[in-house]
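Encoded as C-alpha cells, the structure appears first; notes follow it.
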Amino acid sequence: MVKGHSARARAGFAAAAVALFGLAPLALSDFRLGLLAKYLCTAMVAVGICLAWGRGGLLTLGQGVFFGLGGYAMAMHLKIADAGPGNLPDFMQLYGTATELPWWWQPFANPLFALAATVLLPMLVAALLGSFIFRRRVKGAYFAILSQALTAAFAIWLIGQQATTGGTNGLTDIQGFFGYDLNDPVNQRMVYFVIAAALLLLMALARQLIHSRYGELLVAVRDSEERVRFLGYDPANVKLVAYVVAAGMAGLAGALFVPAVGIISPAMIGIVPSIEFVIGAAVGGRASLVGAVLGAIGVAWAKTALSEEFPAAWTYFQGLLFIVALAFLPGGLASLVGMVRRRRAARASEEPSPALPVGEAA
C-alpha cells in the first residue's frame with residue numbers, strides 16, 4: 001500500500017513538473033505567466049496551512065504576518081541594491097530626513113543575510129509566539145483570533161513607519177533581482193521557474209512530514225491532545241513544529257512574491273489576505289496537499305477574474321464561499337473523490353450476488 005502511494009506521488013510530482021515547466025510557459029503569454037507566478041506564491045502559503053490546519057487543527061488566520069516578513073526582508077535588500085552603493089532607497093529620499101540607512105536596514109544589504117532572513121525571521125517570530133500560546137494551552141477560536149490580531153498589529157505598524165517602510169504604499173518599483181533586470185521578460189520567466197521549483201520542493205517537504213511518524217503524532221494531537229500528553233509527548237512542541245514550518249513556507253512565498261509582482265505593501269499582508277490564504281486551502285481541501293494547492297490557485301485566479309467585473313460583490317462572495325465550504329464540504333473539493341469511491345463501494349456491497357444453480361451451491 002505504501003509503495004502504491006509512493007508511486008502515485010512520484011507520478012503526480014512528474015505531472016506537475018511537466019505542467020509547470022513545460023505546458024504553462026508554452027501556452028501562456030508573459031503577462032499570464034506572471035499572474036500564474038503570483039498564484040503559485042499563494043499556493044506555497046497553502047502548503048503550510050495544509051500542514052498546520054489540515055493535519056494539526058491549527059486555524060492559522062495570521063499567515064499574512066509571516067508572508068509579509070519574508071516579503072519585506074526580500075524587498076529591503078532589492079531596494080538597497082537598486083539604489084546602489086552609498087545611496088538611500090528612493091522612498092527614503094522622498095519621505096525621510098535620514099542621511100544613511102537605518103540600523104535595522106543595514107544587515108539586509110548583505111544578500112546572504114537577506115535570503116536567510118526571508119525564512120528564518122518568520123520562523124523565529126512563529127517560534128516565540130507559538131511557545132507563548134501553546135504552552136498556555138490556547139487553542140481553537142482563541143488561537144485564530146490571536147494570530148489574526150498579530151496580523152492587524154503588524155500591518156498598522158508598517159503603515160505608521162512611512163519613512164522606513166514606505167507606509168501605506170509599501171516598497172514599490174523594484175527593478176532588479178540579484179543582478180537581473182526584472183523588466184526583461186526572460187528574467188521574469190526565470191523568476192517564474194524559481195517559484196515553480198520552490199512550490200514543488202515545499203510540497204515534497206510537507207508530504208514527507210505528513211507521512212512520517214511526526215505527521216501521525218500531529219494528527220493524534222489534533223484528535224486527542226490529552227491522550228498524547230498521557231503517552232509522554234508534549235503536544236505544545238508537536239504543534240509548535242507545524243506552526244513554525246508553516247511560517248517558514250509563508251515567508252519564502254512572500255520573498256518570491258516580491259520579484260514576481262515588484263511590490264510589497266501592508267494591503268497585501270493584512271487581515272483580508274490572511275483570510276484569503278485560508279479560504280483557498282479550505283475550498284480545495286485543507287487535508288490534501290494537492291487540493292490545498294489547486295484551491296489556492298483557483299481562488300486567487302477567481303479573485304483576479306471576478307473582482308474586476310464585480311469589485312463590490314467579490315468580498316461577499318469570497319466570504320460566502322468560505323462558509324459554504326466549511327459547512328457543507330468540510331474536506332473541500334478534494335474530498336469529493338473519496339465520497340464518490342465510498343458510495344460506489346457501498347452500492348457494490350448492497351447488490352445481491354447472482355444465484356448459483358442448486359448443484360453448484362451444494
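Relative to the longest principal axis of the Cα atoms of the chain, helix 289-309 runs at roughly 60 degrees. Here region 1-83 is treated as a sphere whose radius is the Kirkwood value from Cα pairs; by Stokes-Einstein at 37 °C and 0.692 mPa s it diffuses with a coefficient of 207 µm²/s. What percent do you get for the relative contact order of the chain when only Cα pairs under 8 Å and 6+ apart count? Here the relative contact order equals 31 percent. For Ile269, no residue has an amide H sitting under 5 Å from its own, ignoring neighbours fewer than 5 places away on the same chain, with H placed 1.01 Å from N. Using 0.36 nm per residue and subtracting the Cα-Cα separation, the extra length available between Leu231 and Phe317 on full extension is 26.5 nm. What angle, in degrees between 0 and 90 and rounded to the nearest 10, separates the Cα long axis of helix 235-261 from the longest principal axis of the Cα atoms of the chain? Here the helix axis deviates by roughly 60 degrees. Loop-located chymotrypsin sites (Phe, Trp or Tyr not before Pro) in region 219-282 (DSSP state not H, G, I, E or B) with no more than 15 neighbouring Cβ atoms inside 10 Å: Tyr233.
For helix 314-328, what angle does its Cα long axis make with the longest principal axis of the chain, in degrees from 0 to 90 and rounded to 10? Tilt of helix 314-328: around 30 degrees.
In plain terms, the chain is cut at each of the trypsin sites (Lys or Arg not before Pro) found in a DSSP loop with at most 15 other Cβ atoms within 10 Å, and the longest leftover piece is 138-362. Remark on the chain: ratio of C-alpha radius of gyration to 2.2 N^0.38 Å is 1.12.
Using r as the Cβ-Cβ distance of Leu306 and Ser224, and R0 as 45 Å, what FRET efficiency do you calculate, to the nearest 0.05? Display every interim value, and only then the final one.
Details: r = 41 Å, r/R0 = 0.91.
Approximately 0.65, to the nearest 0.05.
Between region 79-135 and region 32-63, the alpha-carbon centres lie 23 Å apart.
Roughly how big is region 1-91's charge dipole about its Cα centre, with Cβ charges of +1 (Lys, Arg) and -1 (Asp, Glu), in debye to the nearest 20? Numbers along the way, then the final one.
Values: 7 positive and 3 negative charges, 114 e Å.
For region 1-91, the charge dipole is close to 540 debye.
Taken together, the values in this text are just the output of simple stated rules run on the coordinates, not laboratory data. Everything numeric in this text was worked out from a predicted model, so none of it was measured. In this analysis, Cβ positions are derived from the backbone assuming ideal geometry, glycine residues included, and neighbour counts consider all displayed protein chains.
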